[in-house]
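Single-structure report; data block below.
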Amino acid sequence: MRLTNKALIAFVISNVGFVLGQNATVNVDACPGYNATNISNTRNGFKADLVLAGKACNVYGKDYERLSLTVTYETGKSR
């Protein structure tokens, strides 16, 4: 199964929140998360800007307004 860039970004963001949220005392489901913008393909993956989608929860420290995501696909095969 091949994921699209947007699906992969959604998967990464939601699972990071899930893993970190397992020990949270605050309801992390109420936190806004991030929206991906400026998604572009690179030679070996893609990159995107992540923008906080609402008011920061700061559950695990400071929620940054903007983040940069870079995904690099790696395989055991030489190209």
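Just so you know, all these numbers are worked out from the coordinates, no wet-lab data involved. Note that this is a predicted model, so its numbers are computed, not measured. Ideal geometry is used to build each Cβ from the backbone, glycine not excepted, and the neighbour counts take in all protein chains shown.
Computed values, structure above
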{"item": "For the stretch 28-72: rounded, prolate or oblate by the Cα gyration tensor [a/c cutoff 1.5]", "result": "prolate"}
{"item": "Label-point gap, in nm, between V51 and L67 - each point 7 angstrom along Cα→Cβ", "result": "1.7"}
{"item": "Separation of the R43 and V59 label points, Cα + 7 Å toward Cβ, nm", "result": "3.9"}
